[in-house]
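Heads up, the thing below is written out as structure tokens.
The values are calculated or read from the model by the stated rules, or taken from the named source; none is laboratory data. Bear in mind the structure is a predicted one, so any value in this text is a computation, not a measurement. For neighbour counting, all protein chains shown are included, and Cβ atoms are generated from backbone atoms with ideal geometry for every residue, glycine included. Only protein heavy atoms, including side chains, enter the accessible area calculation; ligands, DNA and RNA are left aside. Shrake-Rupley method; radii C 1.70, N 1.55, O 1.52, S 1.80 Å.
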Amino acid sequence: MTTTATALKDWPLWEVFVRSKQGLEHKHCGSLHASDAQHALQMARDVYTRRQEGVSIWVVPSKSITASAPEDKDALFEPAADKIYRHPTFYDIPEEVGHM
Amino acid sequence: MYTQSFNVQEKPGEKPAAKPVSLENAESQKRFDARIDADGKIEPQDWMPEAYRKTLVRQISQHAHSEIVGMLPEGNWISRAPSLKRKAILIAKVQDEGGHGLYLYSAAETLGTGRDQMLADLHSGKAKYSSIFNYPTLNWADVGTIGWLVDGAAIMNQIPLCRCSYGPYARAMIRVCKEESFHQRQGYEALLVMMQGTAEQRAMVQDSVNRFWWKCLAMFGPPDANSPHSEQAMRWGIKRISNDDLRQKFIDATVPQANVLGVTLPDPDLKWNEERQHYDYGQIDWDEFWNTVNGNGPCNKERLATRVKAHNDGQWVRDAALAYAQKHQPQTQKEAA
């Protein structure tokens, strides 16, 4: 096995976040393999922003991300479903009051 | 969402050195000014003048403290809410305020000041928070009035902050404003219901509005003529609309709402000015305002003591979480640490 092949195999996975426009938040757009953080940035530039899709990039080692388990979805998010009073539309405000 | 551990462009292990005043700084200042002039956003890793950073840390941390201390006057009524529905609503609202505090602390932390430091400043009394929370909530109508007037005033203040020049603060404010609409509406609706009730309930609403009206007007800060820092904050795009203009907007929006509700706003000088196309209003008692800001309001001591006690009482939870995390850390990480 050549050195390059070993390196490729060992390059960790990175998650890429791109800020599309000044003032907006970074949004996840995909992932890639790279040898280190600087390398990942460079690769992200080439892979995800060839058409000026961004003004700033974040890369995060994929293994640093802890994700909620799909089977926990109900336990995590269902309790918010019946709390409709958290939404402004729950409240009846007379029309003459206007926007509130 | 944002952390202070941002050191893009810094080599690992190297501490960001304080940059001496130099040609390079003048160049950075020029770029900063140009960005501000173009109505652009400043992000955590961008160069910024020290005074800009300091102003933001002060403003955002005070804003965060206000959200957290603001939970206390309303929390006072959770166990005594008149129905299960109102109780659930009030819990949801107080929970939101806690969340808003957390968004804001995180935004402040992107400027390099740790949360421990901010909390220490709040607990020692060094850092301020909105003066309005140093007044007591004496009856149930106060919960409605806080939603309608206090949150209404806060929304007026916060909407222009969504366009603030500092990115993390602006984005936190967008999130806060989205959630804040329910706060004002639930308060106004609760008062509407009381106004359809007994004479005693209507009197309770009027009494509450009487006590809070002037304090809400003071929330917008001193008149423009006596607000020395405003001009610089405007120049930096931190502040977009002056104190007096925001106050006027609030009054103009609130008078018709008071009419629909059927309450009187306690100001004999309050009347429509055809020429200005705004409501004229009376004199705000600024001595009282400053007295409260400086620690002598009716509830300053109680609020701060409650806050400090809550923090201290929670120490065992923080310790336990840390001990648990250390115990369950994978072996390899433990060795590396």
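Being more than 17 Å from the chain's Cα centre (by Cα) and open to solvent by 60 Å² or more (accessible area, probe 1.4 Å), is that true of even one residue in the range A:51-66? Steps first, please.
Initial filter on the range A:51-66 (more than 17 Å from the chain's Cα centre (by Cα)): A:51-52.
Then keep just the ones that are open to solvent by 60 Å² or more (accessible area, probe 1.4 Å); that gives A:51-52.
Yes, the conditions are met somewhere in the range A:51-66.
Among the residues of the range B:96-142, those identified as surrounded by fewer than 17 Cβ atoms within 10 Å (Cβ to Cβ) and among the small types (Gly, Ala, Ser) are B:Gly98, B:Gly99, B:Gly112, B:Gly114, B:Ala120, B:Ser124, B:Gly125. Would you confirm, using the coordinates I've provided, whether B:Ala320 is surrounded by fewer than 11 Cβ atoms within 10 Å (Cβ to Cβ) and either at positive phi or assigned to a helix (DSSP H, G or I) (or both)? For B:Ala320, the condition - surrounded by fewer than 11 Cβ atoms within 10 Å (Cβ to Cβ) and either at positive phi or assigned to a helix (DSSP H, G or I) (or both) - is met.
Yes/no matrix, rows are residues, columns are (1) part of a loop (DSSP other than H, G, I, E, B); (2) within 14 Å of another protein chain (Cβ to nearest Cβ); (3) not basic (Lys, Arg):
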| site | (1), (2), (3) |
| --- | --- |
| B:Gln201 | no, no, yes |
| B:Met204 | no, no, yes |
| B:Asp207 | no, no, yes |
| B:Asn210 | no, no, yes |
| B:Trp214 | no, no, yes |
| B:Gly221 | yes, no, yes |
| B:Lys239 | yes, no, no |
| B:Asp245 | no, no, yes |
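Residues in the range B:143-150: is at least one over 28 Å from B:Ala203 (Cα atoms) and within 11 Å of chain A (Cβ to nearest Cβ)? Scanning the range B:143-150, I find no residue that is over 28 Å from B:Ala203 (Cα atoms) and within 11 Å of chain A (Cβ to nearest Cβ), so the answer is no.
Residues in the range B:143-171 that are of a type in the set (A, V, I, L, M, F, W, C) and closer than 15 Å to B:Leu72 by Cα were compared, and the one that is surrounded by the fewest Cβ atoms within 10 Å (Cβ to Cβ) is B:Val150. I'm trying to understand the selection: among the residues of the range B:100-112, which are among the hydrophobic types (A, V, I, L, M, F, W, C) and either within 11 Å of chain A (Cβ to nearest Cβ) or assigned to a helix (DSSP H, G or I) (or both)? B:Leu102, B:Leu104, B:Ala107, B:Ala108 - these are the residues of the range B:100-112 that are among the hydrophobic types (A, V, I, L, M, F, W, C) and either within 11 Å of chain A (Cβ to nearest Cβ) or assigned to a helix (DSSP H, G or I) (or both).
In the range B:66-99, which residues are in contact (Cβ under 8 Å) with a residue 24 or more places away in the chain, within 14 Å of chain A (Cβ to nearest Cβ) and not in a helix (DSSP H, G or I)? Once the filter is applied, which keeps residues that are in contact (Cβ under 8 Å) with a residue 24 or more places away in the chain, within 14 Å of chain A (Cβ to nearest Cβ) and not in a helix (DSSP H, G or I), the range B:66-99 yields only B:Ala81. The lone criterion from (1) within 14 Å of B:Ile60 (Cα to Cα); (2) touching a residue at least 12 places away in the same chain (Cβ under 8 Å) left unmet by B:Gln117 is number (2).
For (1) over 22 Å from B:Met195 (Cα atoms); (2) in contact with a Ser or Thr (Cβ under 7 Å, 6 or more places away or on another chain), each residue gets a yes or a no:
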site	(1), (2)
B:Phe220	yes, no
B:Asn226	yes, no
B:Trp236	yes, yes
B:Leu246	yes, no
B:Gly262	no, no
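Is it the case, given these coordinates, that B:Pro268 is without any contact (Cβ under 8 Å) to a residue 60 or more places away in the chain, within 14 Å of chain A (Cβ to nearest Cβ) and open to solvent by 40 Å² or more (accessible area, probe 1.4 Å)? Before you say what the answer is, go through the steps one by one.
Numbers: without any contact (Cβ under 8 Å) to a residue 60 or more places away in the chain: yes; within 14 Å of chain A (Cβ to nearest Cβ): no; open to solvent by 40 Å² or more (accessible area, probe 1.4 Å): yes.
No: the conditions fail for B:Pro268.
Quick one: is B:Gln326 in a helix (DSSP H, G or I), of a type in the set (S, T, N, Q) and farther than 28 Å from B:Gly70 by Cβ? Yes; evaluated as a whole, the condition is true for this residue.
Go through the range B:172-188 and give me each residue that's surrounded by 20 or more Cβ atoms within 10 Å (Cβ to Cβ) and either closer than 21 Å to B:Thr264 by Cβ or touching a residue at least 24 places away in the same chain (Cβ under 8 Å) (or both). Reasoning before the result, please.
Initial filter on the range B:172-188 (surrounded by 20 or more Cβ atoms within 10 Å (Cβ to Cβ)): B:172-173, B:176, B:180, B:182-188.
Passing the criteria: B:Ala172, B:Val176, B:Glu180, B:Phe182, B:His183, B:Gln184, B:Arg185, B:Gln186, B:Gly187, B:Tyr188.
Taking (1) under 15 Å from the mean Cα position of the chain (by Cα); (2) within 21 Å of A:Pro12 (Cα to Cα); (3) surrounded by fewer than 17 Cβ atoms within 10 Å (Cβ to Cβ) in turn, A:Asp36 satisfies each apart from (1).
Going by the structure shown, is A:Ala75 aliphatic (A, V, I, L, M) and open to solvent by less than 60 Å² (accessible area, probe 1.4 Å)? Judged against the criteria, A:Ala75 is not a match.
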